[in-house]
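Step one of this worksheet: look at the structure below.
The values are calculated or read from the model by the stated rules, or taken from the named source; none is laboratory data. Remember, predicted model here, so these are calculated numbers, not experimental data. We place every Cβ from the backbone using ideal geometry, glycine too, and count neighbours over all the protein chains shown.
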Amino acid sequence: MKTIQRRPGWPSRRAPFMAYLTGAVLIACMVLVGLAHHPSTAERAADLRGFVSDMNADIGSCAADVGASMTALRAVENGAKNDAATAGTIALSGASDCSPANDELIDDLIQYEVTESLASFHLDKVVNALVAWASPDAVQVQSDVADVLAARGAAAKASARAALARSLRTLNAQRAAIDSSILSASRSLSAHASPPILPG
């Protein structure tokens, strides 16, 4: 009886050892090049300007809301506008808009990652400070503006104004910290980068 010999399936080609070795050497070279490259001061300055531009874009809408709320309050207080209800609506709308839940640009800030070339400046703290400037700080300021506009009677007005003054101090302290960090990095790199315009 003849033994039936099964023919093996398609022959498999084995990658030659040299191909593996070449691939490993190429990967090692790429890693070494990446480690060896240190961005120049000019490149880091450009990165900083890009960072500031991103910050401006993401905080701009909330900053504009704060500016509009404060302008509306001043207009009512100066007698240029008597419509306190409309000014209050502007403030409450602005407070809502500065919340990350209602502004995807603020939400973008929460997830923002600073480029590695700027790591020594710890600008992640600036990002966190900008998020806090928006919410809760700008939210609180605009809510307090609405309270001032809605207050009736001298005692209620005085209390609302005192609360607004406290909130503005917090908002402005946050802005000062942001400005200081960005200006320090800008001076170090001669980047001529200006901090975001944050009203208060």
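Of all residues in segment 57-82, those that are exposed (fewer than 14 other Cβ atoms within 10 Å of the Cβ) and of a type in the set (A, V, I, L, M) total 2. Among the residues that make up segment 66-85, is at least one of them farther than 19 Å from LEU171 by Cα, of a type in the set (Val, Ile, Thr) and part of a loop (DSSP other than H, G, I, E, B)? No: zero hits.
Screening the candidates SER180, SER120, SER186 for the property of being under 29 Å from ALA46 (Cα atoms) and in contact (Cβ under 8 Å) with a residue 60 or more places away in the chain yields one hit, SER186.
Residues being in contact with a Pro (Cβ under 6 Å, 6 or more places away or on another chain) and in contact (Cβ under 8 Å) with a residue 24 or more places away in the chain are entirely absent from segment 83-91. What about LEU109, is it part of a helix (DSSP H, G or I) and closer than 21 Å to ARG152 by Cβ? Against the criterion (part of a helix (DSSP H, G or I) and closer than 21 Å to ARG152 by Cβ), LEU109 does not qualify. Can you find even one residue in segment 136-143 that is over 27 Å from GLU77 (Cα atoms), of a type in the set (A, V, I, L, M, F, W, C) and in a helix (DSSP H, G or I)? Checked segment 136-143: no residue is over 27 Å from GLU77 (Cα atoms), of a type in the set (A, V, I, L, M, F, W, C) and in a helix (DSSP H, G or I).
Just one of the numbered conditions (1) touching a residue at least 12 places away in the same chain (Cβ under 8 Å); (2) over 10 Å from the mean Cα position of the chain (by Cα) is not true of VAL131: (2).
Tallying residues that are of a type outside the set (D, E, K, R) and either at pLDDT below 90 or farther than 21 Å from ALA160 by Cβ (or both) within segment 77-98 yields 3.
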